[in-house]
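Asker: Below is the structure I would like to discuss, written out as structure tokens.
The values are calculated or read from the model by the stated rules, or taken from the named source; none is laboratory data. Everything numeric in this text was worked out from a predicted model, so none of it was measured. Here the Cβ is made from the backbone with ideal geometry for all residues, glycine too, and neighbour counts use every protein chain on show.
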Amino acid sequence: MILYIARRVLSAISVIVVTLLASFALFFVSPSDPAEIICGPRCPDQRYEDIRRSLNLDRPVLEQFSEYMKGLVAGRTITRGGVQIECSAPCLGYSFTLNVPVTQLLEQAAPVTVSIVLGGAVIYFGVGVLAGVVAARRRASFMDRAVVGASLTVNSVPYFIVALIVSLYATFLPTSAYHPFLENPIAWASGLAAAWLTLGLTNAASYTRYSRNSMIESLSEDYVRTARAKGISERRVVYRHGLRAALAPVVTILGLDMAFQITNTLFTESIFGLPGIGLLTLRAFGNFDLPVLMGTVLVGAVVLVSLNLLVDLFYTVLDPRVRLR
């Protein structure tokens with residue numbers, strides 16, 4: 001198992017490095033001049049040169065990339081307006097638009113996005129698995145057809161339309177806003193309730209179908225029939241033997257979905273006005289704030305490969321048939 005983890009960690013690091021290299025080439029080695037785009041058409045020469053020096057655009061490409069990688073592990077010095085700014089590791093650069101280190105921006109935005117994703121995951125995983133199990137136990141019944149039909153109907157509506165309807169017409173829900181959890185847990189939960197409800201109910205439709213199909217397959221296995229033949233109660237057979245095996249593929253999808261949503265909460269944060277990573281990325285894209293865009297790409301890559309590794313390790317806990325080699 002230790003060898004397996006070591007191989008997966010090395011593979012994850014290689015994926016992150018390749019992602020960084022591709023992003024760096026896309027943003028900094030493009031035919032257009034990033035400094036000119038950031039500065040604008042009527043940019044003073046002094047500010048243009050300042051931006052070029054701050055982004056290391058006046059250096060060779062390989063030196064630019066090595067300097068960026070060095071900042072991630074050892075920090076670096078950023079020159080802005082003739083003033084040297086010490087950026088401690090992990091240094092992701094400096095935002096020209098907001099005059100703030102990228103790391104600080106991500107530290108402010110990450111708790112918002114993580115709160116949205118975790119709260120929504122609790123709802124859609126809980127509701128989806130429960131509805132899927134109920135439908136699987138009553139396969140081909142009216143209840144089963146109703147659950148599947150409802151999930152297909154919800155999935156046919158684009159997510160941003162559901163979010164707009166909730167934000168405009170669900171006036172019974174508290175006003176969306178972000179309050180730090182440690183300062184006021186009640187205000188934190190109430191401010192995110194609309195986003196949780198929207199994200200949870202729309203994604204619960206997919207998890208209902210995942211859970212139903214997985215549960216039907218699990219309940220048809222030999223070990224389930226053997227448990228029933230031994231006289232074990234139906235509830236114990238379903239929830240202890242069948243559900244445990246059925247959850248394994250669903251948890252895999254959950255881990256990947258959460259990683260995707262952490263880096264793709266653009267619609268949720270924009271519609272509900274929550275200052276998370278998605279909204280930060282959208283504003284950085286509009287301002288062509290390259291250091292912020294690079295920082296969000298790095299966060300997305302790290303989150304995706306980390307959750308993927310954790311899901312693989314957790315797989316063995318849910319399904320004893322799986323062994324890591």
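Asker: Which pairs do you get when a residue that is under 18 Å from G126 (Cα atoms), found in segment 218-245, comes within reach of a residue that is assigned to a helix (DSSP H, G or I) and not aliphatic (A, V, I, L, M), reach meaning Cβ atoms under 8 angstrom, with the pair 6+ apart or on two chains?
Answerer: Matching pairs, first to second residue: V238/R137; G242/S218; L243/S218; A245/S218.
Asker: Only one residue in R76, R52 is basic (K, R) and modelled with pLDDT under 80. Which one?
Answerer: Exactly one of R76, R52 is basic (K, R) and modelled with pLDDT under 80, namely R52.
Asker: Confirm whether L307 is under 30 Å from L98 (Cα atoms) and either charged (D, E, K, R) or surrounded by 16 or more Cβ atoms within 10 Å (Cβ to Cβ) (or both).
Answerer: In short, no.
Asker: For segment 108-118, which positions are small (G, A, S) and within 15 Å of M258 (Cα to Cα)?
Answerer: Scanning segment 108-118 gives A110, S115.
Asker: I've got another one for you. Being loosely packed, with under 14 Cβ neighbours inside 10 Å, free of Cβ contacts under 8 Å to residues at least 60 places away in the same chain and outside any helix (DSSP H, G or I): is that true of T153 here?
Answerer: Answer is no for this residue.
Asker: How many of the residues making up segment 267-288 are aliphatic (A, V, I, L, M) and surrounded by fewer than 17 Cβ atoms within 10 Å (Cβ to Cβ)?
Answerer: The number of residues fulfilling the criteria is 1.
Asker: Next up: Given the criterion over 24 Å from the mean Cα position of the chain (by Cα), at pLDDT 90 or above and not hydrophobic (A, V, I, L, M, F, W, C), identify the matching residue among G149, G120, G128.
Answerer: G149
Asker: While we're on this one: If you go through segment 138-145 one residue at a time, do you hit one that is over 27 Å from the mean Cα position of the chain (by Cα), aliphatic (A, V, I, L, M), at pLDDT 80 or above and in a helix (DSSP H, G or I)?
Answerer: yes
Asker: Among the residues of segment 119-168, which ones are closer than 22 Å to M258 by Cα and small (G, A, S)?
Answerer: G119, G120, A121, G126, G128, A131, G132, S151, S156, A163 - these are the residues of segment 119-168 that are closer than 22 Å to M258 by Cα and small (G, A, S).
Asker: Same structure again: Do we find that R42 is buried (at least 16 other Cβ atoms within 10 Å of the Cβ), of a type outside the set (S, T, N, Q) and either under 30 Å from S306 (Cβ atoms) or over 28 Å from the mean Cα position of the chain (by Cα) (or both) in this structure?
Answerer: no
Asker: Here's something else I'd like to know. May I ask you to list the residues in segment 141-197 that are within 22 Å of A109 (Cβ to Cβ) and charged (D, E, K, R)?
Answerer: Across segment 141-197, the qualifying residue is only E183.
Asker: For segment 88-142, which positions are within 30 Å of N213 (Cα to Cα) and of a type in the set (D, E, K, R)?
Answerer: Once the filter is applied, which keeps residues that are within 30 Å of N213 (Cα to Cα) and of a type in the set (D, E, K, R), segment 88-142 yields R137, R138, R139.
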